[in-house]
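Since the structure comes first, as structure tokens, the remarks are kept for the end.
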Amino acid sequence: MNQKSELRIQLSATRRGARLARLLAERQLDEWGLPFEAATQIVAELAANAVLHGRVRGRDFRLELRRYDDDTLRIEVTDARGEQPPHLPDPSAEMAEGGRGLHIVAAYAHRWGVAEAPAGAKTVWAELAPEARVT
């Protein structure tokens, strides 16, 4: 799978930065001609998690979008808190105020995971397979 296009941007680990991540992703995916509803939901959840759970004062988070030649999309959000890997909450905690974000990511993504990043950071990634074409 060869990479076709990429967007990489550092954003402030604030609510404003998380909103900007979603807007930039939507604009980029539209420019690439890819459907963006599922992808922007994933970006919104991962960026919000980076701001809420991965924030370290004075450090930003990074958003990366990679489009491959088969139109697979890889979304990566890297934050500064590598010692706090995300996990899917217990479904019995469904009524909790938080914890639904990764369930949303898992529902939309073809696959997702977490990887260590330099300087004690972590990257949460998700991949979306190309949309099925109706003929």
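The values are calculated or read from the model by the stated rules, or taken from the named source; none is laboratory data. What you see is a predicted model; the values in this text were computed from it and never measured. Here the Cβ positions follow ideal geometry from the backbone for every residue, glycine too, while neighbour counts run over all protein chains shown. When the accessible area is computed, the model is the full protein with side chains, heavy atoms only, and any ligands, DNA or RNA have been set aside. Shrake-Rupley method; radii C 1.70, N 1.55, O 1.52, S 1.80 Å.
Brief remarks on what is shown
- Failed item in (1) at pLDDT 85 or above; (2) more than 17 Å from the chain's Cα centre (by Cα); (3) open to solvent by less than 80 Å² (accessible area, probe 1.4 Å), with Pro89 passing the rest: (1)
- Yes/no for Leu34 being surrounded by 16 or more Cβ atoms within 10 Å (Cβ to Cβ) and either outside any strand (DSSP E or B) or on the phi > 0 side of the Ramachandran plot (or both): yes
Here is a yes/no grid of residues against (1) of a type in the set (S, T, N, Q); (2) modelled with pLDDT of 95 or more; (3) farther than 23 Å from Pro86 by Cα:
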{"residue": "Lys4", "(1), (2), (3)": "no, no, yes"}
{"residue": "Gln10", "(1), (2), (3)": "yes, yes, no"}
{"residue": "Leu34", "(1), (2), (3)": "no, no, yes"}
{"residue": "Ile42", "(1), (2), (3)": "no, yes, no"}
{"residue": "Val51", "(1), (2), (3)": "no, no, no"}
{"residue": "Asp60", "(1), (2), (3)": "no, no, no"}
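- Residue tally, condition assigned to a helix (DSSP H, G or I) and farther than 14 Å from Leu128 by Cβ, over segment 45-73: 7
- Here Gly82 clears all of (1) at pLDDT 75 or above; (2) open to solvent by 40 Å² or more (accessible area, probe 1.4 Å); (3) part of a loop (DSSP other than H, G, I, E, B); (4) of a type outside the set (D, E, K, R) except the condition numbered (2).
- Taking the criterion of being open to solvent by less than 30 Å² (accessible area, probe 1.4 Å), assigned to a helix (DSSP H, G or I) and either more than 16 Å from Arg59 (Cα to Cα) or in contact with a strand residue (DSSP E or B) (Cβ under 6 Å, 6 or more places away or on another chain) (or both), the residues of segment 1-27 that qualify are Gly17, Ala21, Ala25.
- For segment 19-47, the set of residues classified as in contact with a helix residue (DSSP H, G or I) (Cβ under 7 Å, 6 or more places away or on another chain), under 15 Å from Glu64 (Cβ atoms) and either among the β-branched types (Val, Ile, Thr) or free of Cβ contacts under 8 Å to residues at least 40 places away in the same chain (or both) consists of Arg22, Thr40, Ile42, Val43, Ala47, listed by residue number.
- Residues in segment 109-122 that are under 23 Å from Leu34 (Cα atoms) and either within 11 Å of the chain's Cα centre (by Cα) or open to solvent by less than 10 Å² (accessible area, probe 1.4 Å) (or both): Ala109, Trp112, Gly113.
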